[in-house]
1. Considering the alpha-carbon set of the range B:2-82 alone, what are its Rg and its Dmax in angstrom?
2. Given the alpha-carbon gyration tensor of the range B:139-183, what are the semi-axes of its equivalent ellipsoid in whole angstrom, ordered largest first, with each equal to the square root of 5 times an eigenvalue?
3. Per the helix-only calculation at 222 nm, which mean residue ellipticity applies to chain B, given -39500 (n - 2.57) for every DSSP H run of n ≥ 4 and division by its residues, nearest 500 deg cm²/dmol?
4. Calculate, for residue A:28 and residue A:230, the FRET efficiency according to 1/(1 + (r/R0)^6) with r their C-beta to C-beta distance and R0 30 Å; round to the nearest 0.05.
5. What list of ³J(HN,Hα) couplings, whole Hz, do you get for the range A:194-205 from phi and the Karplus terms 6.51, -1.76, 1.60, once you set θ to phi - 60° and write x for glycine and proline?
6. Using all alpha carbons of the range B:91-230, what is the percent of pairwise distances in each 5 Å bin, ordered from the shortest bin to the longest?
7. Note down the Stokes-Einstein diffusion coefficient of the protein assembly as shown in µm²/s, whole number, using a Kirkwood radius over alpha carbon pairs, 20 °C, and 1.002 mPa s.
8. Rank B:226, B:16 by accessible area, highest first, at a 1.4 Å probe radius?
Protein chains: 2
Amino acid sequence: MLRLFHHPMSGPSRYVRLLLGEYGLSASFSEEKPWQRRREFLAINPAGALPVLLDGESDPVCGAVIAGEYLDETCGAMMREKRLMPENPQARAEVRRLTEWFLVKFEEEVARYLVGERVFKTLMSGNEGGGSPEATLIRAGRANLKNHLKYVGWLAASRNWLAGSRLSHADMAAAAALSVIDYLGEIDWNGEPAAHDWYARVKSRPAFRPLLADRLPSLPPASHYVDLDF
Amino acid sequence: MLRLFHHPMSGPSRYVRLLLGEYGLSASFSEEKPWQRRREFLAINPAGALPVLLDGESDPVCGAVIAGEYLDETCGAMMREKRLMPENPQARAEVRRLTEWFLVKFEEEVARYLVGERVFKTLMSGNEGGGSPEATLIRAGRANLKNHLKYVGWLAASRNWLAGSRLSHADMAAAAALSVIDYLGEIDWNGEPAAHDWYARVKSRPAFRPLLADRLPSLPPASHYVDLDF
């Protein structure tokens, strides 16, 4: 039995949820607030970061990139032509480059500011780093977001899927990362039509449905968030 | 023919240099100053980050973790029992967790401050972010370094190699990351005897020799840096 420690507003957590859906795997989900640094959670992942995947009694699989590799290694072959990682090492390197781009670089340059300031800070106590959002950081996140959206638009216009001709982990990583920002209504899809069309294709996949059902009690999603025809 | 874009004071670059040595692969090396954001380099890796591995005319392999996966996929099987990645997916997840720990987390919490302030800032022009080192950031890096060294000590005391019974990518990542900090004389090896003994074993490997020959014209290494009996 699989169990995922995650947070609904964590892009890397959403990436693993999407993969589980695409791989047709059922799992139980435990919402974790990593800023609380719960002792039991730190014992599972000393880095204190999300997500963490547990597969039965085996050692925890820590981190989104690593969980993706694990799912591909344990279930990828059974996916046959629907496998989300290519066979060729060079093509795999390109999928991994973009996966890391959206799970690490986007997280640092965009999510840390927009989700960090607008969401996580409001959920944290003062001791945990909570407080009022800082306008300068939100502006920095919005400026960085524009560049990332342009890059998605460029990739989507030059290729069928982001890393090449086939759907891959890279599409899941980018869609997971962007979906959190879209929940906040921060994305101007009109400005990047190729990115919009690519996102609409990913968003309409069955694996995406659980993400569209996410709700923060303190902050409802943007009106178009669940709309497949946005 | 392999070619590596790297910087001698970049831990992730050193990781790939160590792997090339362990895998017995020859390569040409191009020193890159990523803060200069050279247009030709950005065309190779739009993230602008080191290292980048070129394998002939194929697409570039960007990033240390990804280069490690690529080398394992293309050469790992030929290494037989000396392969630096285990076969079992769970054991691979543990190797990857620690590899990411030292290539990403250590980089953010330690190298960014100690190498960033003490080395890179002195090499950069004012426009590139250069200037005087900030004492508060150096103190933060030193405080974080203590925790990382304790963790290496704990791993080294509980296992033969850092990720388990066999030498792996995780040892290369940790030794690469620590070697840059050791060049700066920032590591008190006396305080962590198990970490010391583990590092001495990695440091004495032939693949490590090129790292010990690195010299910055503006900053010579700590006196014990090249010493195998430190």
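The values are calculated or read from the model by the stated rules, or taken from the named source; none is laboratory data. If you're wondering where the values come from, they're calculated on a predicted model, not measured in any experiment. As a convention, Cβ positions derive from the backbone with ideal geometry for all residues, glycine included, and neighbour counts pool all protein chains shown. Protein only, heavy atoms only, side chains kept; ligands, DNA and RNA dropped before computing areas. Shrake-Rupley method; radii C 1.70, N 1.55, O 1.52, S 1.80 Å.
1. 12.4, 42
2. 21, 13, 6
3. Value at 222 nm, helices only: -13000 deg cm²/dmol.
4. 0.45
5. 5, 5, 4, 5, 4, 5, 4, 5, 5, 4, 7, 6
6. 2, 10, 19, 22, 21, 14, 7, 4, 1, 0
7. Stokes-Einstein gives a translational diffusion coefficient of 93 µm²/s.
8. B:226, B:16
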